[in-house]
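The structure is given below, and queries will be raised subsequently.
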Amino acid sequence: MADRILIVDDGKIIRESIAFILKKEGYLVAEAANGRFAHEKILSESFDLVISDLEMPEMNGIELLDKVMQLNPQSLMIIITAFGSLDTAISALRKGASDYILKPVEFDELTVKVRRLLDHRHLLLENQLLRRELHQEFDFSNLVGQSPSMQKVFEMIRTVAPTDGTVLITGKSGTGKELVARAIHFNSRRAEKPLVAVNCGAISETLFESELFGHKKGSFTGAVSDKVGYFKAADGGSLLLDEISETPLSLQVKLLRALEQREIIPVGSTSPIPVDVRIIALTNRNLRKEMEEGRFRDDLFYRLNVVELSLPSLAERREDIPMIVEHFVQKYRTQLRKDVEGVESDVMQALTHHEWKGEIRELENIIERGVIFAKGKFITREDLPEVIAGSSPQSIIGLDSSLEQAMNQFEKIHITEVLRRFKFDKEKTAEVLKISLPTLYRRIKDLGITE
């Protein structure tokens, strides 16, 4: 869409000339004969750029600038001024004007300034959009669950995120540890600073120190230039150490020193460099067992384990599976541009009963596949791999559960799924379930079902 520009000048010839030139450049141009008329237009329309004379009757350019900044701070403004009013133009720049141009107006100069300013504005807006999307991608909306175990996780994130405390996130592979780590970062005071993610298991032992702390030119064969390590790259922000248990034992003491002293020494250097980094460590292993078996230093463990946030497996929160499924269906129907609204009831039962060895990551992949293969508005068993489609309900409840517990669990999952199918229309749900509305309300309350 073409940029919208408002030309404000009490001189008809100059106003119409500028409008003519900018229209030829492809812009949508409106005109106003003075500041008051311009203000009226701005109240009813949105403009990307305002080009205004400085001296005008009824409302001058400085007064109009104040109005523009109040109504739409993202609008740009170029002041047209005579040489004798240059001090006033500079004052306008301090108040928020984007640029000025001297009379007589050079049209080539004006078009260059207009294009430069609007290009810069587009870049800023694009960056804002990307940042907003990034924050949305890693905010609480992507951490799905209403089970008590997940509510505890959410509460811990809210508590630790605003602090600078070191966090150790534990849980099986695929439970969403990195998503939680990013949620912590993007809800902290460091959100505008870098988040650097490092997979400790993917770095060879010989390069580990160099990758984390950097190195000086000539410090070893192949060090042809100075290198900035991950710690320095994350300065002011957060350093996400994934698979922390894979850190070589010989280098764990150096990592501990960096955490305790808040400084690093690049390979080949003797001068420490201060760093301000928040550490978020992730592991799918039992670090206490690793300590007992001599593979992980106990002093490093206790330094990392300031706050431990343990993520539950899907087996521990099966009641969240329908909500997670709905979340991924909505995500992939948008990404894949498929008109898929959900999953069939028997599919939801299969998904709920399946033993998710790959946890949420595996479930997400299955839903993505289901959306791809779905021929109608709902994913059917035919759209699932045989290993999922053939899942039986026997694994949903542990063998030590009572019959009453098992029945309540099945009932909760089924009622929740029907409620979601009909967007929590309780009358329709009661009709489908063939129970009275009061009975449905009572079961919702007894089973702890929330919208």
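The values are calculated or read from the model by the stated rules, or taken from the named source; none is laboratory data. Here the structure is a predicted model, which means the values were calculated and not measured. Here the Cβ is made from the backbone with ideal geometry for all residues, glycine too, and neighbour counts use every protein chain on show.
Kindly provide the set of residues from segment 260-272 that are surrounded by fewer than 17 Cβ atoms within 10 Å (Cβ to Cβ) and outside any loop (DSSP other than H, G, I, E, B), ordered by number.
Correct list: Glu260, Gln261, Glu263.
Restricting the first residue to segment 147-160 and requiring it to be more than 14 Å from Ile184 (Cα to Cα) and assigned by TED's automatic domain parsing to the domain that holds Gly171, which pairs with a second residue that is of a type outside the set (Phe, Trp, Tyr) and in a helix (DSSP H, G or I) meet a Cβ separation below 6 Å and a spacing of at least six or different chains?
From residues that are more than 14 Å from Ile184 (Cα to Cα) and assigned by TED's automatic domain parsing to the domain that holds Gly171, the pairs are Ser147/Glu319; Ser147/Asp320; Ser149/Glu316.
Where residues in segment 191-241 are without any contact (Cβ under 8 Å) to a residue 24 or more places away in the chain and within 24 Å of Asp164 (Cβ to Cβ), which of them is surrounded by the most Cβ atoms within 10 Å (Cβ to Cβ)?
Among them, the one singled out is Glu211.
If you don't mind, another one. Does segment 177-190 hold any residues that are outside any helix (DSSP H, G or I) and either in contact with a Leu (Cβ under 8 Å, 6 or more places away or on another chain) or without any contact (Cβ under 8 Å) to a residue 60 or more places away in the chain (or both), and which are they?
Of everything in segment 177-190, those that are outside any helix (DSSP H, G or I) and either in contact with a Leu (Cβ under 8 Å, 6 or more places away or on another chain) or without any contact (Cβ under 8 Å) to a residue 60 or more places away in the chain (or both) turn out to be Asn187, Arg189.
Being among the polar types (S, T, N, Q) and over 21 Å from Ala315 (Cβ atoms) is the filter; apply it to segment 335-366 and report the residue that is modelled with the lowest pLDDT.
Only one residue tops the list, namely Ser345.
For segment 183-200, what are the residues that are closer than 22 Å to Ser313 by Cα and at pLDDT below 90?
Ala183
Also, quick follow-up: Just for segment 167-190: of the residues that are hydroxyl-bearing (Ser, Thr, Tyr) and within 16 Å of Asp242 (Cβ to Cβ), which one is surrounded by the most Cβ atoms within 10 Å (Cβ to Cβ)?
Among those residues, the one meeting the criterion is Thr175.
Can you pull out every residue in segment 273-319 that is of a type in the set (Phe, Trp, Tyr) and either on the phi > 0 side of the Ramachandran plot or part of a helix (DSSP H, G or I) (or both)?
Within segment 273-319, Phe301, Tyr302 meet the criteria.
Scan segment 433-442 residue by residue and report those that are part of a helix (DSSP H, G or I) and loosely packed, with under 14 Cβ neighbours inside 10 Å.
Matches in segment 433-442: Leu437, Pro438, Thr439, Tyr441, Arg442.
Next question. Test of understanding: among Ala30, Ala38, which residue is of a type outside the set (S, T, N, Q) and farther than 17 Å from Thr81 by Cβ?
Only one candidate passes the filter, namely Ala30.
Kindly establish whether Val347 is in contact with a helix residue (DSSP H, G or I) (Cβ under 8 Å, 6 or more places away or on another chain) and farther than 13 Å from Ile388 by Cβ.
no
Continuing with this model, one more query. Pairs only if they're at least six apart or on different chains, beta carbon under 9 angstrom, first in segment 43-56 and touching a residue at least 24 places away in the same chain (Cβ under 8 Å) and among the charged types (D, E, K, R), second crowded, with 22+ Cβ neighbours inside 10 Å and not in a strand (DSSP E or B); list them, first residue then second.
Asp53/Asp9; Asp53/Gly35; Asp53/Gly61; Glu55/Gly61
Against the definition (closer than 20 Å to Leu179 by Cβ and either modelled with pLDDT of 90 or more or in a helix (DSSP H, G or I) (or both)), how does Arg369 come out, yes or no?
For Arg369, the condition - closer than 20 Å to Leu179 by Cβ and either modelled with pLDDT of 90 or more or in a helix (DSSP H, G or I) (or both) - is not met.
Considering each residue of segment 372-389, count those that are without any contact (Cβ under 8 Å) to a residue 24 or more places away in the chain, in a loop (DSSP other than H, G, I, E, B) and touching a Lys or Arg at 6+ places or on another chain (Cβ under 9 Å), and give that number.
Residues flagged as without any contact (Cβ under 8 Å) to a residue 24 or more places away in the chain, in a loop (DSSP other than H, G, I, E, B) and touching a Lys or Arg at 6+ places or on another chain (Cβ under 9 Å) within segment 372-389 amount to 1.
Of the conditions (1) touching a strand residue (DSSP E or B) at 6+ places or on another chain (Cβ under 9 Å); (2) under 19 Å from Leu384 (Cα atoms); (3) of a type in the set (D, E, K, R), Glu308 clears all except one; give me its number.
Against the list (1) touching a strand residue (DSSP E or B) at 6+ places or on another chain (Cβ under 9 Å); (2) under 19 Å from Leu384 (Cα atoms); (3) of a type in the set (D, E, K, R), Glu308 comes up short only on (2).
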